[in-house]
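Got a structure here, written out as structure tokens. Questions coming.
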Amino acid sequence: MSNYKEKLKIQNVFLSVACVILAGFCALGFAAEVGAVDLAPLAGDSHWQSQWRGFVSGASMGVLALMLFGLLRNLSALKDEKKLKKLYIKENDERTIQVWTSARAAGCQAFLLLGLVAAIAAGYFSVTVSLTILACVFATAVICLCFKLYYFKKF
């Protein structure tokens, strides 16, 4: 259990740093929206720039909330031995791990197939969008292949 405590402490450091960085992005987005800072994408009109700042602020705030939840959960578990044991069992349950592994594999396959369909469909409307989707599908396929080769050697 002491190894798990150390793992949580290291995780808390990363979560804390990420929370500070994301809070900075939130603050920059809001400051840019009210005109205190000149932060805008290079392309697009003022409407698009405003939407982009709102997206950055909202996405940063959403991820920040998730990371704060994880940080508070870890801190609570480190203070209470029962919560720590419950969290350890939850994170190391073989059935849950297998479900997540299967879901990720199926999700990756679905992304590859649906991405190809999207690239073909987008080709009728925009070459740039079609090639971007195709590049994302190709990158995902290469990454999946690399991990597959790694895990075949590992096991």
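The values are calculated or read from the model by the stated rules, or taken from the named source; none is laboratory data. These figures come from a predicted structure and were not determined experimentally. Note that we place each Cβ from the backbone using ideal geometry, even for glycine, and neighbour counts take in every protein chain shown.
When you scan the stretch 48-88, how many residues do you find that are modelled with pLDDT under 90 and β-branched (Val, Ile, Thr)?
1
Here is a follow-up. Any idea which of Val99, Val63 is among the β-branched types (Val, Ile, Thr) and not assigned by TED's automatic domain parsing to the domain that holds Phe25?
Val99
Here's something else I'd like to know. Restricting attention to the stretch 94-124, report how many residues are surrounded by 12 or more Cβ atoms within 10 Å (Cβ to Cβ) and under 27 Å from Lys5 (Cα atoms).
Looking only at that region, the number is 1.
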